[in-house]
Amino acid sequence: MLTHRCLDPQDPYGEREVRVAFEWVAGGPRLIAAFDELQADILPDLVEAQCDDLRREIVTAVPGPETRPIRTAEARVSRACEH
């Protein structure tokens, strides 16, 4: 499980943050929890648009598994398959 600090989607002034726990799945980050400053999980209270905001912030800030560098052996296999 990974975590990232995001702006609190319930804070209209953008002054607070939440710690978002997530994991990478095929379509992007899957949100697991969003902890406020009191360590309360606010994720169940968020509407889908707020969850989308958190996902976008994570995708922008945290490199996903599809952006990891290709290892040398994998690159050689890929090049060999192109011919």
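The values are calculated or read from the model by the stated rules, or taken from the named source; none is laboratory data. These numbers were taken from a predicted model, which means no experiment stands behind them. Cβ placement follows ideal geometry from the backbone for every residue including glycine, while neighbour counts extend to all protein chains displayed. Side chains included, ligands, DNA and RNA excluded: accessible areas come from the protein's heavy atoms. Shrake-Rupley method; radii C 1.70, N 1.55, O 1.52, S 1.80 Å.
For segment 1-13, what are the residues that are open to solvent by less than 30 Å² (accessible area, probe 1.4 Å) and in a loop (DSSP other than H, G, I, E, B)?
Asp8, Asp11
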Worksheet item: Of the residues in segment 44-58, how many are surrounded by fewer than 17 Cβ atoms within 10 Å (Cβ to Cβ) and assigned to a helix (DSSP H, G or I)?
Response: 9
Discussion item. Pairs please, first residue from segment 44-56 and at negative phi, second anywhere and open to solvent by less than 50 Å² (accessible area, probe 1.4 Å) and in a helix (DSSP H, G or I), Cβ atoms under 8 Å, 6+ apart in sequence or on different chains.
Written reply: Leu46/Leu54; Cys51/Leu43
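Please find, within segment 14-43, the residue that is farthest from the chain's Cα centre (by Cα) out of those that are loosely packed, with under 10 Cβ neighbours inside 10 Å and either closer than 16 Å to Leu2 by Cβ or of a type in the set (A, V, I, L, M, F, W, C) (or both).
Per the criteria, the residue is Leu38.
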Response to the item:
The lone condition Arg71 fails out of (1) in contact with a His (Cβ under 9 Å, 6 or more places away or on another chain); (2) modelled with pLDDT under 95; (3) not small (Gly, Ala, Ser) is (1)
Discussion item. Show the residue pairs meeting these rules: Cβ distance below 8 Å; 6+ apart or different chains; first residue within segment 1-15 and without any contact (Cβ under 8 Å) to a residue 12 or more places away in the chain; second residue assigned to a strand (DSSP E or B).
Written reply: Gly14/Leu7
